[in-house]
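Everything below concerns the one structure shown next.
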Amino acid sequence: MSHDRLLRALRREPVDVTPVWLMRQAGRYLPEYRALREKAGSFMDLCQNPELACEVTLQPLRRFELDGAILFSDILTIPEAMGLGLHFIPGEGPNFHHPVRTPEDIAKLSMPDMEDSLGYVPAAVRLIRRELDGKTPLIGFAGSPWTLATYMVEGGPSKTYQHIKALMYNAPEALHQLMDLLARSVAAYLNAQIAAGAQAVQIFDTWGGVLTPSAYQEFSLTYMQRIVEQLQPAPDGSTVPVILFTKGGGPWLESMAATGCHALGLDWTINIDEARERVGDKVALQGNLDPAMLYARPEIIRHHVGDVLQRFGDHPGHVFNLGHGVTPQVNPDHVAALVDAVHELSAR
Ligand code: CP3
């Protein structure tokens with residue numbers, strides 16, 4: 001039953017061992033990723049070529065006994081398709097040539113055509129599903145409207161969120177207009193992934209945690225809820241589980257669980273036993289080992305994997321993951337130690 005452990009756990013059904021996948025399980029810590037990226041030219045060349053995106057998606061599955069594959073792509077494909085001019089500055093991260101700063105800039109935007117400008121994403125999903133051949137389920141994903149808006153308005157990574165927060169406080173109606181457009185775009189984008197074969201989807205709300213409680217509710221959670229409500233069933237009629245991951249969202253788990261999502265992704269700043277006490281059996285929980293634990297020795301990693309499993313306890317509804325993505329400096333052997341420890345220590 002290993003092939004459907006992940007989907008069973010997301011539905012809170014019993015499993016033989018706790019399933020595990022890792023955010024950023026494909027990426028720069030793998031030498032085979034670095035080699036392929038070198039050959040492809042750039043990161044976006046990898047994302048926009050379905051054969052290469054498929055190959056990168058499968059790379060970590062060849063090394064590790066992972067229970068899920070995650071589509072290799074990026075959350076910034078949507079703003080790129082809106083014409084903002086995405087490029088990556090080495091050592092700095094993603095940047096846009098045309099950031100969106102004013103209500104006038106927002107009024108000019110429109111929803112990207114899923115087929116014409118983002119068709120490479122469902123094409124990659126179809127190819128990956130064919131290659132996986134039912135052995136491992138495939139997770140699709142998108143950024144949350146708030147997280148996409150932070151990159152679009154700041155123009156790149158930010159420490160202060162100066163531009164988007166000024167817009168939020170000075171012109172909330174304009175920001176709502178942007179959020180509404182992004183929520184419709186993300187829902188259509190995830191539905192295109194589901195129609196192509198994504199078997200679960202995760203919404204990455206990487207920057208939701210920088211908001212006040214009331215701004216989180218108003219500008220991030222409301223729009224994620226709208227997306228959850230708009231998602232279609234899989235082509236076979238089954239419900240596709242949705243995982244909401246707000247980094248820094250620990251204080252708001254109850255309201256996140258009330259959106260109708262099936263699972264919450266937890267970062268490492270909350271104990272998973274406390275999270276479970278607060279949301280009960282309402283949703284599955286995904287997480288939440290500190291990603292920096294992968295810098296430690298394998299036997300230390302194993303010990304802390306055991307701690308997370310023990311805190312969650314012997315209940316259905318746990319998907320093991322890190323509290324955020326694997327970083328480029330990680331030794332792949334340590335990832336193997338983590339994955340094997342999850343399966344060995346959780347065997348029922
Ligand atoms: O999890 C996976 O294995 C799937 C792949 C994935 C990537 N990006 C690949 C990637 C996923 C799920 C994402 C989502 C993403 N992208 C998020 C949300 C997740 C999170 O980390 O909270 C965000 C904020 C982005 C925006 C983005 N794209 C950033 C900040 C960066 C890193 C830039 C840098 O130079 O460090 C990217 C590029 C990116 N996306 C890389 C990968 C493997 C690195 C590209 C490279 O240099 O090869």
What percent do you get for the relative contact order of the chain when only Cα pairs under 8 Å and 6+ apart count?
-> 22
Residue 13-residue 254 pseudo-label distance in nm [points 7 Å out on the Cα-to-Cβ vector] = 3.2
Note down the relative contact order for region 22-107 as a percent, whole number, built from C-alpha pairs under 8 angstrom at least six residues apart.
-> 18
The chain accessible area per residue, 1.4 Å probe, protein heavy atoms, integer Å², reads 41
What ³J(HN,Hα) values, in whole Hz, does the Karplus curve 6.51 cos²θ - 1.76 cosθ + 1.60 give for region 195-205 when θ = phi - 60°, with x put for Gly and Pro?
-> 4, 7, x, 5, 9, 8, 9, 10, 9, 8, 9
Cα convex hull volume per residue for region 110-266, in Å³, equals 116
Sites matching trypsin sites (Lys or Arg not before Pro) across region 132-237 that sit in DSSP coil, with at most 13 neighbouring C-beta atoms within 10 Å | 135, 159
Roll a 1.4 angstrom probe over the protein heavy atoms and tell me the percent of accessible area of the chain that is carbon or sulfur.
-> 49
³J(HN,Hα) across region 42-48 via Karplus (A = 6.51, B = -1.76, C = 1.60, θ = phi - 60°), whole Hz, x for Gly/Pro?
-> 9, 4, 5, 4, 5, 5, 8
For region 224-348, radius of gyration divided by Kirkwood radius, i.e. Rg to Rh on alpha-carbons | 1.00
Extension gain, residue 299 back to residue 158 (0.36 nm per residue minus Cα-Cα distance, nm) | 47.2 nm
For q = 0.07, 0.16 Å⁻¹, Debye-computed log10 I/I(0) when each Cα of region 5-347 counts as one equal scatterer = -0.27, -1.55
Taking GluC sites (Glu not before Pro) that fall in a DSSP loop and have at most 16 other Cβ atoms within 10 Å as cut points, what is the longest piece of the chain between them?
-> 93-348
Scalar couplings 3J(HN,Hα) for region 276-292 by Karplus 6.51 cos²θ - 1.76 cosθ + 1.60 (θ = phi - 60°), nearest whole Hz, x for Gly and Pro, are 5, 4, 7, 9, x, 9, 5, 9, 6, 10, 10, x, 8, 5, 4, x, 5
Once amide H atoms are built 1.01 Å from N in the peptide plane, which residues 5 or more positions from residue 284, or in another chain, come under 5 Å H to H?
-> 263, 264
Along Cα→Cβ, 7 Å out, is where each label goes; now give me the distance between the ones at residue 195 and residue 117 in nm to one decimal.
-> 1.8
With unit charges on the beta carbon (Lys/Arg positive, Asp/Glu negative), name the residue among 143, 181, 100 whose Cα is farthest towards the positive pole of the charge dipole of region 92-183.
-> 143
Estimated FRET transfer efficiency (residue 212, residue 315; beta-carbon r; R0 41 Å; 0.05) = 0.80
Between residue 89 and residue 110, what length in nm is gained on full extension when 0.36 nm per residue of separation is reduced by their alpha carbon distance?
-> 4.9 nm
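The values are calculated or read from the model by the stated rules, or taken from the named source; none is laboratory data. Quantities reported herein were computed from a predicted structural model and do not represent experimental measurements. Cβ: placed from backbone, ideal geometry, glycine included. Neighbour counts: every protein chain shown. Protein only, heavy atoms only, side chains kept; ligands, DNA and RNA dropped before computing areas. Shrake-Rupley method; radii C 1.70, N 1.55, O 1.52, S 1.80 Å.
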